[in-house]
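Engineer: First the structure, which I've put down as C-alpha cells, then a few questions once you've had a look.
The values are calculated or read from the model by the stated rules, or taken from the named source; none is laboratory data. What you are looking at is a predicted structure, and each value in this text was computed from that prediction instead of being measured. Quick reminder, even Gly has a Cβ in these numbers, built from the backbone with ideal geometry, and neighbours come from all protein chains shown. Heavy atoms of the whole protein, side chains included, go into the accessibility calculation; ligands, DNA and RNA do not. Shrake-Rupley method; radii C 1.70, N 1.55, O 1.52, S 1.80 Å.
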Amino acid sequence: MDLSGRVAAITGASSGIGLAVAQHLAREGVAVAIAARRADRLDEAVRDIRASGGRAEAVVADVTSEGDVQRLVHHARTTFGRLDIM
C-alpha cells in the first residue's frame with residue numbers, strides 16, 4: 001500500500017512502539033505529527049525522523065485530555081494541510 005503523501009498523527013511517539021510506527025511511516029513518505037507527554041523525547045524523535053529525510057512535527061499532548069487531542073489534530077491539519085491516519 002502506497003502511503004506517500006499522507007499525514008498521520010501518532011500518539012505515544014516519543015519511545016517504544018509509537019516511535020517505531022512514526023519512524024516506519026516517515027520512511028514510507030508519510031508526514032507525521034507525533035505526540036507524547038515528554039517534550040525532550042519528542043524533540044529527539046523529530047530530529048531523528050528529519051535527519052532520515054522524513055517530515056515530522058512534535059506536539060506535547062496527553063491523550064487523556066480532549067483539548068490536547070484536539071490540538072494535535074489541529075496542528076497536523078494546519079501544518080501538513082490534512083490528516084489521513086490517526
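Engineer: Rg and Dmax in Å for the chain, alpha carbons only: what are they?
Structural biologist: Final numbers for Rg and Dmax: 11.4, 33 Å.
Engineer: Could you pull out every residue, at least 5 positions away or on a different chain, whose amide H is within less than 5 Å of the one on ARG55? Hs are placed 1.01 Å off N in the peptide plane, and Pro or chain starts have none.
Structural biologist: VAL32
Engineer: To check you understand DSSP bridge types, tell me what percent of the beta bridges within the chain (both residues inside) are antiparallel, rounded to 5.
Structural biologist: Antiparallel bridges: around 0 percent, rounded to the nearest 5.
Engineer: Okay, next question. Only Lys, Arg, Asp and Glu count, each charged at its Cβ (+1, +1, -1, -1), so figure out the dipole size of the chain about its Cα centre, rounded to 20 debye.
Structural biologist: 140 debye
Engineer: Counting only heavy atoms of the protein chains, get the accessible area per residue of region 1-43 (1.4 Å probe) and round it to a whole Å² value.
Structural biologist: Using a 1.4 Å probe on heavy atoms only, each residue of region 1-43 averages 51 Å².
Engineer: Determine the shape class of region 25-69: with a ≥ b ≥ c the square roots of the Cα gyration tensor eigenvalues, call it rounded for a/c under 1.5, and otherwise prolate if a/b is greater than b/c, oblate otherwise.
Structural biologist: oblate
Engineer: Right, another one. Can you list the HN-Hα couplings for region 68-85, worked out from phi with the Karplus curve (6.51, -1.76, 1.60; θ = phi - 60°), rounded to whole Hz and with x for Gly and Pro?
Structural biologist: Working through the residues one at a time gives 5, 5, 4, 5, 4, 4, 4, 4, 4, 5, 6, 6, 10, x, 5, 8, 10, 10 Hz.
Engineer: Further question on the same structure: Calculate the spin-label point distance for LEU3 paired with ARG77, positioning each point 7 Å from the Cα along the beta-carbon direction, and give it in nanometres.
Structural biologist: 2.2 nm
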